[in-house]
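Read the structure below first, then the notes.
The values are calculated or read from the model by the stated rules, or taken from the named source; none is laboratory data. Being a predicted model, the structure only gives us computed values, none of them experimental. Cβ placement follows ideal geometry from the backbone for every residue including glycine, while neighbour counts extend to all protein chains displayed. For accessibility, only protein heavy atoms count, side chains too; no ligands or nucleic acids. Shrake-Rupley method; radii C 1.70, N 1.55, O 1.52, S 1.80 Å.
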Amino acid sequence: MAHFKYTAMTHGGSKVNGVVEAFNEMDAVRRIKENCELIVKLQEVKERKGGFFDMEVGGSKMDSKAFSMMCSQFAIMLDAGIPLARVVKLVADKAEDKKMHKLLDKVAADVEGGRNLSTSFDEHGSGYIPITFIETLRAGEATGNLAGSFRSMQEHYEKDSQMKSKVKSALSYPIFVLVVAVVVVAVLMVRVVPVFTSMFTEMGGEVPILMRILIAISEFFTRNIMLMVVIVLICIIIVRVYGLTETGKTNLAHLRLKMPVFGKIEELNAASQFANTMAAMLGAGLPIVRAVTITTKVISNYYLSGQTGRLVAQLESGRSLSASMRDITDYPDILIDMVGVGESSGEPERTLGLTANYYDTELEEATKAAVAKLEPTLLIVLAVIVGFIVMAVFTAMFDMYSMM
């Protein structure tokens, strides 16, 4: 709930100042007029932001696993017949995540005051709570099946958490190999090569060709490392600034779809997000147009998100979803065909759920395949670089022994 500072005239004609707690400005006016005849001034009191020591560690990104657990707790307690306000308070007390705990405390206060659960989550959880969750709650409140909405979201975010965990697990080893490679090469170039360079200089012998190449590379990086860092940073800044523009976001997202190997993963991820979100929204009872509107905001690829948003106008004109999707060339044909099957059979929710499972599996397999190609590539590159350095060093050592 928000706080409003006001100046008003009482029924007796005296001027009063005060602060009232209300859901919004209209609610504040209603509460003030219970005791005052005329409101002279009304202003919302903005909540003071905390200082450096009040900042929360970590970003505002939602933890899918913790969110899935929260939805499960809501579903179980509501099925047990516990009043909603009490449920929110109990879940808030059990929440280990600091941000989630604060949010649920605010929601609990709103629900106790008679406010809708979805509206409170929407207001206090902006930028943190997914729109799919809020819209599913709204549908559950409209149909009287709030526990079912929480169960649906629990399954949705549990699947999302499992997928993210599998992707992170698949990428952990290649990232580890890459870090080790960079550290090894950096140590050899910075510590080992300069030692041999000074030794050869003192002995006055001819430096072998491999060692000369290695020394030239080492000196180049030593002299130009700061310039290279600056150039890389400038390139990153240029790309970031370009990505803030509408054209830039669209073009960069479209480029990711065209990349070899990773473009296929991006496409499968978008298809999985579309199918999963549409299945969840239709299962919650939302109309097709509203479901597509929400799905548009969930798709992470900005280009495909914009293309999906254009479907709304076509759906409102009476065109079917599958026919409208055929204009989007970057969605897989199987996804579009399955949407058509769901429309023909009258079971779009079930069909999209099966399609979502298919694309979740395909995404996992595509990620594993990409990692399987990446691992030997990294190892070969590492072996070539380290092998070259070792050969240069050993050749130099043999020449040094021959000069002794």
Original post:
How many residues are outside any helix (DSSP H, G or I), exposed (fewer than 15 other Cβ atoms within 10 Å of the Cβ) and of a type outside the set (Gly, Ala, Ser) if we restrict to segment 329-351?
Top reply: 2
**OP:** Could you pull out the residue among 256, 319 that is charged (D, E, K, R) and under 29 Å from residue 142 (Cα atoms)?
**Re:** 319
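Results for (1) closer than 23 Å to residue 361 by Cα; (2) polar (S, T, N, Q), shown as yes or no for each residue.
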{"residue": "228", "(1), (2)": "no, no"}
{"residue": "240", "(1), (2)": "no, no"}
{"residue": "257", "(1), (2)": "yes, no"}
{"residue": "261", "(1), (2)": "yes, no"}
{"residue": "272", "(1), (2)": "yes, yes"}
{"residue": "276", "(1), (2)": "yes, yes"}
{"residue": "290", "(1), (2)": "no, no"}
{"residue": "307", "(1), (2)": "no, yes"}
Original post:
Tally time: how many residues in segment 288-308 are touching a helix residue (DSSP H, G or I) at 6+ places or on another chain (Cβ under 7 Å), over 24 Å from residue 262 (Cα atoms) and either open to solvent by 10 Å² or more (accessible area, probe 1.4 Å) or in a loop (DSSP other than H, G, I, E, B) (or both)?
Top reply: 3
Subject >> Matching residues in segment 106-146 - criterion: being surrounded by 16 or more Cβ atoms within 10 Å (Cβ to Cβ), at pLDDT 80 or above and of a type in the set (D, E, K, R) >> reply: 106, 110, 115, 122, 123, 138, 141
Original post:
Is it the case that residue 354 is surrounded by fewer than 19 Cβ atoms within 10 Å (Cβ to Cβ) and farther than 24 Å from residue 155 by Cα?
Top reply: no
Original post:
If residue 22 satisfies every condition in (1) surrounded by 13 or more Cβ atoms within 10 Å (Cβ to Cβ); (2) modelled with pLDDT under 80; (3) more than 22 Å from residue 116 (Cβ to Cβ) but one, which is the exception?
Top reply: (3)
Subject >> Index of the failed condition, residue 196 passing every other in (1) part of a helix (DSSP H, G or I); (2) open to solvent by 60 Å² or more (accessible area, probe 1.4 Å); (3) modelled with pLDDT under 75 >> reply: (2)
**OP:** Exactly one condition in (1) at pLDDT 75 or above; (2) touching a helix residue (DSSP H, G or I) at 6+ places or on another chain (Cβ under 7 Å) is not met by residue 11; state its number.
**Re:** (2)
**OP:** Would you check if residue 33 is of a type outside the set (Ser, Thr, Tyr), buried (at least 17 other Cβ atoms within 10 Å of the Cβ) and either closer than 22 Å to residue 112 by Cβ or at pLDDT 80 or above (or both)?
**Re:** no
Original post:
When you go through 167, 183 one by one, which is the residue that is surrounded by 14 or more Cβ atoms within 10 Å (Cβ to Cβ), β-branched (Val, Ile, Thr) and either in a helix (DSSP H, G or I) or out of contact with any helix residue (DSSP H, G or I) (no Cβ under 9 Å at 6 or more places or on another chain) (or both)?
Top reply: 167
Subject >> Residue selected from segment 359-404 under the condition of a type outside the set (Gly, Ala, Ser), modelled with pLDDT of 80 or more and crowded, with 18+ Cβ neighbours inside 10 Å, by the criterion nearest to residue 173 (Cα to Cα) >> reply: 367
Original post:
Within segment 174-183, how many residues are within 22 Å of the chain's Cα centre (by Cα) and in contact (Cβ under 8 Å) with a residue 60 or more places away in the chain?
Top reply: 1
